[in-house]
1. Can you give me the relative contact order of segment 254-398 as a percent, contacts being Cα pairs under 8 Å and 6 or more apart?
2. Per residue and in cubic angstrom, what volume does the convex hull of the Cα atoms of segment 75-124 have?
3. So what is the relative contact order for the chain, in percent, with contacts set as C-alpha pairs under 8 Å and at least six apart?
4. Which far-off residues, 5 or more places away or on another chain, put their amide H under 5 Å from the one on THR11, with H placed in the peptide plane?
5. Mind grabbing the accessible area of ILE293 for me, 1.4 Å probe, Å², rounded to tens?
6. Could you give me the ³J(HN,Hα) list for segment 30-45, computed from phi with Karplus coefficients 6.51, -1.76, 1.60 and θ = phi - 60°, whole Hz, x at Gly and Pro?
7. Return the sequence-ordered ³J(HN,Hα) values of segment 4-11 in whole Hz as given by the Karplus equation 6.51 cos²θ - 1.76 cosθ + 1.60 applied to θ = phi - 60°, using x for Gly and Pro.
8. How are the alpha carbon pair distances in segment 369-444 distributed across 5 Å bins from zero to the largest one, expressed in percent?
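The values are calculated or read from the model by the stated rules, or taken from the named source; none is laboratory data. Note that the structure is predicted; figures quoted are calculated from it, not measured. Because the Cβ atoms are built from the backbone with ideal geometry, glycine has one as well, and the counts that use them run over all protein chains shown. Keep in mind that these areas ignore ligands, DNA and RNA; they rest on the heavy atoms of the full protein, side chains included. Shrake-Rupley method; radii C 1.70, N 1.55, O 1.52, S 1.80 Å.
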Amino acid sequence: MPERRTVALVTLGCARNEVDSEELAGRLAADGWELVEEAADADVAVVNTCGFVEAAKKDSVDALLEANDLKTAAREEGGRTQAVVAVGCMAERYGKELAEALPEADGVLGFDDYADISDRLRTILSGGIHASHTPRDRRKLLPISPAERQNAAGVALPGHGDALASAPADLPEGLAPASGPRAPLRRRLDAGPVASVKLASGCDRRCSFCAIPSFRGSFISRRPSDVLGETRWLAEQGVKEIMLVSENNTSYGKDLGDIRLLETLLPELAAVDGIERIRVSYLQPAELRPGLIDVLTGTDKVVPYFDLSFQHSAPGVLRAMRRFGDTDGFLELLAQIRAKAPQAGARSNFIVGFPGESESDLAELERFLTEARLDAIGVFGYSDEDGTEAASYERKVAPDVVAERLARVSRLAEELTAQRAEERIGETVRVLVDRIDDEDGIVGRAAHQAPETDGVTLLPTGPDLVPGRMVEAKVVASEGVDLVAEVLSVDGTGCTEEAGR
């Protein structure tokens, strides 16, 4: 009997990449590969790269080089790793160029290779060569009209495509069709109580600084039945919180004939047995309609969480970014949200040093940040991205000025988010226990805290406080963006405040 081949998936970047990695894991497990956690224990290390900004690309290259070190050590000292393969956004975006610049990678596979990932890895592992693809603008692969995209065949959509014509009856334990007999297989790589689910892929917006649509393609929604089926399966795996992800969740359903489809889908997802919390990420302020705000703030188990892509607030900068809005309009939007849900969470990312940004533009951004009371703020310094419109703009801000503005706004953001956390002292919050940490103790997240990005809520030792448990707690202190809370009750236990101390 041939030796069982092992593979490790190393994932960088956003939650969408995490979903893609679990799809790849499902395909590989269904074809007999053994999944291992550590690259050092795998015959093949597959690095799911990020191609968003320079820092993320550097992290991806570093991960590939680190995996190559394992391969070198294996040859010299008898270890396991025999091949290193790049997949994901950076591999899709650069293809042959990445393969030539990084010969340490034994293969650079694009999205079109995902359906045949097992064959590709076997070829590479046996010493064969799979030619890296020539990158192409994936926006051109789907019809211009969103209504015609659902019937387009032969376009690779990570998280959407068919893994098998029909699911085998003897799937390995922990592996199941994500939704229906022709849906992609998915294998969880993390046993934690939260999982992401893709609503859609791609983006139809044309922000002048962003290259993502060129390598992720045009916007295309997943069908509600697929999203529901995957959520039910994840609930069976013990998941308590679902985070809906895509490049732009506010566009969900436009290619299915109903731009308000998310408003009807959310209550259905919240009704899935075992799911305690639904979180929606990646919302475009210009597309955030009143009906969606109502559902996000008024539906049981759907948390009032608003991950809003503001990017800036000075009108001139936003127009140059090919975006819409201004400081006062954004503040009014936040006021409308908080009028319906005073404890609603709000976060956003911002770019400083965009071409043409003046000191008065920066002051306008600082005014917005000061008045917005955001729970989490990400700040990035502008840099040219290959193939974007902004890369050709004149009036570039000098790199040292970009760095100074980045440091300045980052300091302000740190102060403001700490103040916002302090404002929450005295609030009663529902906390999902994420993990038990040797250093931090019991670590969970309130409704306004998304995984990895928005801080955590620390709880004292208490009965039945295990990952996946929902807790009602009172915020008693803050530490930067993090909260410290006392347990009032634990779902299903009747724990009192005194018992939780």
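1. This gives 21 percent for segment 254-398.
2. On the way: hull volume 4.1 nm³, N = 50.
Convex hull of Cα atoms, per residue: 83 Å³.
3. Reported relative contact order: 9 percent.
4. ASN48
5. 10 Å²
6. So the Karplus estimates, Gly and Pro as x, are 5, 9, x, 6, 8, 8, 10, 7, 9, 4, 5, 9, 10, 5, 10, 9 Hz.
7. In residue order, the calculated couplings are 5, 7, 10, 9, 10, 10, 9, 10 Hz.
8. For segment 369-444, the pair-distance distribution reads 3, 12, 13, 14, 15, 14, 10, 8, 8, 4, 0.
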